[in-house]
Amino acid sequence: MRYAAPVGLALTLACLVGLDLTLPGLGDEGQGERALASVRAMLSGIGHPDLGATMLRRVATLAAETTAIAVVGTAMGAVAGLALAVLAASPCAQRSPSAARRTAAEATWLLLDGLRALPDFVWALAVLLVLGPGPITGTVAIAVSVTGILGRAFGRLLVAVPPRSVRAIERLGGSPAATLLYGRLPRVAPAAWSYGLARLECSMRNASVIGVVGGGGLGAELFEELGYGRMDRMATLLLGLLVLTLAADTGASVLRRRLSAAGVATRTAALRVALIVVVVALVPLLPALETLSVTLSRLDPRVATQTLSRLLRPDLSVSTLREAALGVGPPLALAWLSTLLATSVAFGVLPWTSSVVRLRARGPAAATRAAAVLRSWLLRGVALVARGVPEVAWLLLLAAAMGVGQAAALLALTLHGAGVLTRLFTEAVDDRFAPRPRERPGLAAGTGWLVFAALPRLAGTLRMHVALQGESNLRTAYALGMLGAGGLGESFYGAMSFWQLERASTLALTMLLVFVGLDRLGRGLGRLLAR
Amino acid sequence: MTPALAFADVHRSFSTGRGVRGVTATLGAGEVVALVGPSGAGKSTLLRLAAGELAPEAGTVSTGGHDLATLRGAAYRSACDRVGMLTQHDNLTPGLSVLHNVMAGRLGRWPAWLALRNRLRPRAPDVAEVESILDRLELGDRLHADPRELSGGEAQRVALARLSYQRPDLWLADEPTAGLDPRLRARALALLIEHVRDAEAAAVVALHDLELLDADVDRVWGLRDGALVFDGTPETFGADARRELYEARP
């Protein structure tokens with residue numbers, strides 16, 4: 001702990017020096033004017049979106065497709081993740097697990113880590129090789145990523161069930177599968193629902209931009225209209241995207257709260273509703289499924305096998321390894337700096353966003369209180385929009401003014417991350433310290449109370465939120481790299497575009513190793529801190 | 001006839017110094033025994049040895065002719081199905097409806113597909129059987145409740161319903177009434193023994209409260225410091241025997 005501050009400072013300085021934070025769009029005077037003109041055009045487009053019937057119909061169709069990609073992808077990922085989680089957690093459900101079973105479980109944990117290490121953008125490019133562009137590619141890419149993320153979360157929940165609490169079921173002599181169905185799964189169901197809904201919310205955001213790399217939905221067209229400079233149509237698409245992500249944000253949050261307090265009957269009903277929703281969500285994907293069957297029937301198995309075998313044979317030449325090693329820096333630096341900045345912003349606004357700080361304060365004048373409420377809602381609204389726009393969309397929008405580069409990527413990651421962390425920090429404080437009914441306002445509230453009383457008690461929760469956001473930022477930094485922010489992502493995109501599959505494989509493996517390595521390092525540090 | 005449960009010179013110790021020492025006792029089929037003794041005498045250890053959860057350090061434990069601690073896989077699971085256990089807490093799975101909690105009693109007999117099928121969409125005859133058991137225990141209206149919504153007494157009755165549905169040959173109950181309101185204890189114990197008698201099963205019921213010895217049991221086992229110091233009928237378990245069992249040692 002003693003070295004945390006100097007090490008953190010040194011890392012931050014290294015990141016600042018290492019990243020190229022100049023603005024490529026503002027190199028000389030002429031470029032500066034062009035950038036200004038494009039910002040003006042964008043703002044004017046946003047002020048006058050195309051609200052014609054044809055455009056609105058198009059946006060509605062694409063929004064339905066985006067929702068379908070997110071819902072079906074998340075559902076597929078949740079089912080596959082659960083199956084893998086069960087396998088990974090199986091040794092603790094057995095009386096004396098065999099060595100083979102333990103090895104299989106360890107391999108499954110590794111597989112889950114591998115699946116969640118790479119962003120859905122990377123998976124989309126890999127799926128693209130076989131299925132071609134379209135919503136099915138986006139669905140599969142999201143499903144693969146969600147399998148890893150939810151699979152590990154479910155697995156950890158299953159492992160954490162106290163053995164004593166399932167002994168009564170184990171004693172009945174059921175098979176391990178039966179013990180799981182009647183003992184462990186019902187215990188983890190509320191938390192699993194919560195994780196699943198949170199992931200669905202993220203999937204909605206990701207699905208709205210996965211079209212940028214050929215995954216269907218709103219993203220493809222948004223990228224296209226932005227490229228052609230048709231800002232009025234871009235604005236309509238952006239509005240559609242915002243409506244979708246904000247609806248997912250609030251809807252998932254309400255459902256999560258309801259379900260975490262719900263009984264067995266409500267959860268069973270929720271599962272039925274979820275099944276119906278998934279079936280309905282398949283409808284917008286039906287045309288794509290028809291096209292897919294044609295693509296698959298034309299697929300030459302030899303070419304597919306050859307592609308797969310090339311992907312499984314990483315290029316270990318010195319030049320590629322050097323490229324991979326050098327590419328590690330930018331995403332790591334982007335993730336570190338953006339997490340640091342987003343955390344600072346979220347802490348900075350907390351005294352104004354948290355309703356508890358306001359409620360606990362000894363009653364100021366009514367007018368002051370009203371202003372505080374207004375300020376709180378305003379800041380929460382800003383945070384809602386900041387996280388409602390996915391990082392990729394932020395990067396594309398900022399690129400108009402700043403050019404695509406690491407500065408824009410850093411800002412995109414920070415804006416989105418600050419929105420997410422503001423909500424998580426605010427909820428953490430408000431949930432824990434909400435005054436009970438009829439409780440009189442506290443003695444000490446305000447920023448002092450927050451810093452010296454509330455935050456130390458929430459340190460563990462907040463640290464976990466920041467760590468998870470850092471993890472997500474690293475994954476997204478790889479994806480932003482693919483759009484021009486440099487590092488491993490950019491190299492990977494280049495390798496895939498030139499069909500250099502062995503090189504792409506090395507770069508993807510490096511992304512994976514960095515992610516898993518950091519995860520293990522973080523866990524080790526966590527254990528050290530806990531001691 | 002194979003005894004329902006047999007201990008032969010069983011030893012099992014813990015780092016705390018507690019455990020059981022040289023216990024030898026036999027329980028015949030259909031016999032109900034009350035296991036009594038002060039706290040820490042080894043009652044729970046003896047029950048866990050009988051259920052195969054603990055292996056003895058010396059001696060043998062035979063449940064229905066099987067040494068549970070040495071069995072593995074399907075043989076262990078099948079033997080488990082013949083033994084039912086009721087504890088003070090943690091009998092039920094929260095988040096699983098009362099219906100499914102009771103149905104879990106047959107997990108040892110069901111193949112995996114049937115366990116899955118009944119978890120997703122229970123078969124009508126199975127539901128009817130569970131309903132009739134719950135009705136008898138005045139819990140017919142709690143079929144779809146979450147165990148977290150039940151009172152302590154109701155939860156114990158649901159656990160009893162599960163044992164009735166399981167129909168094991170040997171029932172083990174570890175202070176099953178300890179968490180209940182004192183006024184309900186005698187009734188709860190009578191209900192348990194009534195169900196054991198109906199199922200024509202054998203039972204070992206560990207009791208802390210001596211007043212409960214008015215219950216309908218065939219024999220009494222008295223444990224003190226891990227050793228079996230009394231084995232006789234309730235009539236012979238008089239004031240002297242009780243004093244010897246519970247009196248503090250110098």
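The values are calculated or read from the model by the stated rules, or taken from the named source; none is laboratory data. Given the structure is predicted, the values throughout are model-derived calculations rather than measurements. We place every Cβ from the backbone using ideal geometry, glycine too, and count neighbours over all the protein chains shown. SASA here: full protein model, heavy atoms, side chains in, ligands and nucleic acids out. Shrake-Rupley method; radii C 1.70, N 1.55, O 1.52, S 1.80 Å.
A few comments on the model shown:
- Within the range B:71-87, being in contact (Cβ under 8 Å) with a residue 60 or more places away in the chain and not charged (D, E, K, R) holds for B:VAL83, B:GLY84, B:MET85, B:LEU86, B:THR87.
- Answer residue from the range A:447-474, given it is open to solvent by less than 40 Å² (accessible area, probe 1.4 Å), in contact with a Lys or Arg (Cβ under 8 Å, 6 or more places away or on another chain) and assigned to a helix (DSSP H, G or I) and is modelled with the lowest pLDDT among those: A:TRP449
- Tally of residues being modelled with pLDDT under 90, out of contact with any helix residue (DSSP H, G or I) (no Cβ under 9 Å at 6 or more places or on another chain) and among the basic types (Lys, Arg) across the range A:296-335: 2
- Residue count for the range B:45-91 satisfying the condition of being among the polar types (S, T, N, Q) and either at the interface with another protein chain (Cβ under 8 Å from one of its Cβ atoms) or crowded, with 20+ Cβ neighbours inside 10 Å (or both): 5.
- Single condition B:VAL204 does not satisfy, out of (1) buried (at least 16 other Cβ atoms within 10 Å of the Cβ); (2) farther than 17 Å from B:GLU31 by Cβ: (2)
- Scan of the range A:181-205 for residues that are among the small types (Gly, Ala, Ser) and more than 11 Å from chain B (Cβ to nearest Cβ), ordered by number: A:SER194, A:GLY196, A:ALA198, A:SER203
- Every condition in (1) within 14 Å of another protein chain (Cβ to nearest Cβ); (2) surrounded by fewer than 18 Cβ atoms within 10 Å (Cβ to Cβ) holds for B:ARG187 except the one numbered (1).
- Qualifying residue in the range A:238-261 (condition: within 14 Å of chain B (Cβ to nearest Cβ), of a type in the set (A, V, I, L, M, F, W, C), out of contact with any Pro (no Cβ under 7 Å at 6 or more places or on another chain) and open to solvent by 70 Å² or more (accessible area, probe 1.4 Å)): yes
- Given (1) open to solvent by 10 Å² or more (accessible area, probe 1.4 Å); (2) more than 12 Å from chain A (Cβ to nearest Cβ), index of the condition B:LEU27 fails: (1)
- Pairing each residue of the range A:163-175 that is within 7 Å of another protein chain (Cβ to nearest Cβ) and at positive phi with any residue that is in a helix (DSSP H, G or I) and among the charged types (D, E, K, R), provided the two are 6+ apart or on different chains, yields C-beta distances under 6 Å for A:GLY173/B:ARG77; A:GLY173/B:ASP81.
- Test result for A:VAL279, farther than 28 Å from A:GLN469 by Cβ and either open to solvent by 80 Å² or more (accessible area, probe 1.4 Å) or charged (D, E, K, R) (or both): yes
- Taking helices (runs of 4 or more DSSP H) as the structural unit, those lying wholly within the range B:92-167 and holding at least 1 residues that are more than 13 Å from every other protein chain (Cβ to nearest Cβ), closer than 28 Å to B:ALA202 by Cβ and open to solvent by less than 20 Å² (accessible area, probe 1.4 Å) correspond to B:124-136, B:152-166.
- Looking across the range A:378-388, just one residue is surrounded by 12 or more Cβ atoms within 10 Å (Cβ to Cβ) and more than 13 Å from A:ALA418 (Cβ to Cβ), and that is A:LEU378.
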